[in-house]
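The values are calculated or read from the model by the stated rules, or taken from the named source; none is laboratory data. What you see is a predicted model, and the numbers here were worked out from it, not measured in a lab. Heads up, the Cβs are rebuilt from the backbone with ideal geometry, glycines too, and the neighbour counts pull from every protein chain shown.
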Amino acid sequence: MGKLLDSIRGKTKSLESEMSFFDHLEVLRWHLMRAAVAIVVFACFAFYYFDTIWQNLVMGPKHGDFLTYRLLCKLGALLGSSGMCINKDLPGELQNTELAGQFSMQINASIIIALILGFPYLLWEIWRFVKPALREKEQKATSGFVFYCSLLFGTGILFGYYVVAPLSLHFLTNYTFSAEVKNIFTIDSYLTSVATLTLVSGLVFQLPIIVFILATIGILTPTFMREKRRYAIIIIMIIAMLVTPTPDVTTMLVISAPLFLLYELSIKVAARVVKRKQLKEQDFLNA
């Protein structure tokens, strides 16, 4: 994948004899247009089946029988911690305060779902744009770029939807500083919270890819990441503490464990990139 970055930087130079700068923009425009069409198709599909999506997907974390809550109840029973069990619908009422609020919310939710579903295809179109600038060996070496990015993004989306979003919503909807204040949330606020927590998790899981890029261009090293591990642990624990519904250590570990593994995976990715660069330098010196 390191060769992919070099090829992207040198794409214009390598093809300038065949294509002008505006020709490149035209090719890129068509790739992006195809990706946009795919996203529109997904959005129309989501809009058509929105009733099912709203009840089973968007409103899922608000229901007491949500998969995450049922698993926490079982885990709490095994560990003898009743505080982990969530078996009631989250408190608070949803309301619409604008004339076109529900229609706008349905469109926005459909677009968000379409972006999530169309993310792998968008990456594939970008890969198709870069591919002509790569040699045959480079194409084979970077053929897994779209797969790994999509896999990490999908894993992050699932982690955000089934772990971060429901536990965060449970904490926020149950938090109160006065019994005189009644919680009534707008549908836009609820949708924004679920979508933001889910999408941010998907982007956070791109950390190994970001580390790979930074390590390839020499900005980040595995030594630096190992030295700053203690700070990363503190940040992860703070995040886990904020989104967990109870102060149970077990629940915090459920949240923080995947983030720890993600950070350690990023260190290994950076170490592999550095080792590969060192081998290339050694081969160059021995030549």
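Matching residues to (1) under 18 Å from residue 158 (Cβ atoms); (2) touching a residue at least 12 places away in the same chain (Cβ under 8 Å); (3) not hydroxyl-bearing (Ser, Thr, Tyr):
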site	(1), (2), (3)
35	no, yes, yes
43	no, yes, yes
48	no, no, no
52	no, no, no
58	yes, yes, yes
68	yes, yes, no
86	no, yes, yes
94	no, yes, yes
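Could you tell me whether any residue of the stretch 252-264 is at pLDDT below 85, in contact with a His (Cβ under 7 Å, 6 or more places away or on another chain) and not hydroxyl-bearing (Ser, Thr, Tyr)? Looking through the stretch 252-264, none of the residues is at pLDDT below 85, in contact with a His (Cβ under 7 Å, 6 or more places away or on another chain) and not hydroxyl-bearing (Ser, Thr, Tyr).
Based on what the data block shows, is residue 47 surrounded by 17 or more Cβ atoms within 10 Å (Cβ to Cβ), of a type outside the set (D, E, K, R), modelled with pLDDT of 90 or more and in a helix (DSSP H, G or I)? Taking the combined requirement at face value, the residue does not satisfy it. Residue 133 satisfies every condition listed in (1) at pLDDT below 80; (2) closer than 30 Å to residue 108 by Cβ except (2). Of all the residues in the stretch 75-84, those that are exposed (fewer than 14 other Cβ atoms within 10 Å of the Cβ) and either without any contact (Cβ under 8 Å) to a residue 60 or more places away in the chain or closer than 15 Å to residue 64 by Cα (or both) number 5.
For the stretch 94-119, the set of residues classified as part of a loop (DSSP other than H, G, I, E, B) and surrounded by 14 or more Cβ atoms within 10 Å (Cβ to Cβ) consists of 96 only. Look at the stretch 148-176: where a residue is surrounded by 18 or more Cβ atoms within 10 Å (Cβ to Cβ) and a partner is polar (S, T, N, Q) and outside any helix (DSSP H, G or I), sitting 6+ places away or on another chain with Cβ atoms under 6 Å, you get 152/206; 167/244.
Scanning the stretch 204-221 for residues that are over 23 Å from residue 156 (Cα atoms) and not in a loop (DSSP other than H, G, I, E, B) yields a count of 1.
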